[in-house]
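Working notes for the structure below.
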Amino acid sequence: MSVVNIERFSDARYEEVKQLVLGVLEEKGFEYDPVKDYDLDDITKYYHDNGGMFFTGSVDRKIIGTSAVRKIDSERCEIKRIYVCKEYRRRGYGRELFLHALDFAKDHYLHITLMTDRSLTEAIALYKKYGFSVVRTDSLQKPYILMSHSK
């Protein structure tokens, strides 16, 4: 397995990152929704300029995945945008991207949330392994669940 190089998002690679995210969404049966996906229109402004962080993972200089931390308020954040290209899945890259975001979140916030599709049982098991618990499944757009982690 090649080593994944995880670094802060750079505007110079914006199109590559956006196409990766939109490709994964499309693969899962979703389309770009300007109401839900507005953060992708200006990643630096939405994440970096607002107390969060957006990471890219590269193998041999090709971006193969992403993860992000969105600031909610001074104590709370959300981990999101954990995506890996199909051909690079099941190699541990998603876990590495998640852990990178989790480390950033733990260093800056007391409470961390994330929302995931309930069909992603392996991802849910990973999140639970690192201290997350399911806090809500009702009143969310199906098929999502909300998970939480606190210091």
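Taken over region 88-107, the criterion of being farther than 19 Å from ILE43 by Cα and either of a type outside the set (D, E, K, R) or in contact (Cβ under 8 Å) with a residue 12 or more places away in the chain (or both) is satisfied by TYR88, ARG91, GLY92, TYR93, GLY94, ARG95, GLU96, LEU99, LYS106. Somewhere in region 20-33, is a residue part of a strand (DSSP E or B), out of contact with any Gly (no Cβ under 6 Å at 6 or more places or on another chain) and closer than 20 Å to GLY94 by Cα? No, region 20-33 contains no residue that is part of a strand (DSSP E or B), out of contact with any Gly (no Cβ under 6 Å at 6 or more places or on another chain) and closer than 20 Å to GLY94 by Cα. The one condition from (1) of a type outside the set (Val, Ile, Thr); (2) closer than 11 Å to PHE9 by Cβ; (3) free of Cβ contacts under 8 Å to residues at least 60 places away in the same chain that ARG81 does not meet is (3). Assess whether ARG70 counts as being modelled with pLDDT under 95, under 26 Å from GLU26 (Cα atoms) and either of a type in the set (D, E, K, R) or touching a strand residue (DSSP E or B) at 6+ places or on another chain (Cβ under 7 Å) (or both). No. Taken as a whole, the structure places VAL24 among residues that are crowded, with 18+ Cβ neighbours inside 10 Å, touching a helix residue (DSSP H, G or I) at 6+ places or on another chain (Cβ under 8 Å) and at pLDDT below 95. I'd like to check something: does region 83-97 contain any residue that is part of a loop (DSSP other than H, G, I, E, B) and buried (at least 17 other Cβ atoms within 10 Å of the Cβ)? Yes, that holds for at least one residue. Residues that are over 21 Å from ALA123 (Cα atoms) and either in contact with a strand residue (DSSP E or B) (Cβ under 7 Å, 6 or more places away or on another chain) or basic (Lys, Arg) (or both) do occur in region 34-44. For region 1-21, the set of residues classified as among the hydrophobic types (A, V, I, L, M, F, W, C), more than 14 Å from ALA68 (Cβ to Cβ) and at pLDDT 95 or above consists of ALA12 only. Yes or no: ALA68 part of a helix (DSSP H, G or I) and either of a type outside the set (Gly, Ala, Ser) or touching a residue at least 24 places away in the same chain (Cβ under 8 Å) (or both)? The answer is no for ALA68. Among residues of region 109-133 that are outside any loop (DSSP other than H, G, I, E, B), those with a beta-carbon under 9 Å from a residue that is among the acidic types (Asp, Glu) and surrounded by 14 or more Cβ atoms within 10 Å (Cβ to Cβ) at least six positions away or on a different chain give the pairs ILE112/GLU78; THR113/GLU78; LEU114/GLU78; MET115/GLU78.
The values are calculated or read from the model by the stated rules, or taken from the named source; none is laboratory data. All of these numbers come straight from a predicted model, not from anything done at the bench. Ideal geometry is used to build each Cβ from the backbone, glycine not excepted, and the neighbour counts take in all protein chains shown.
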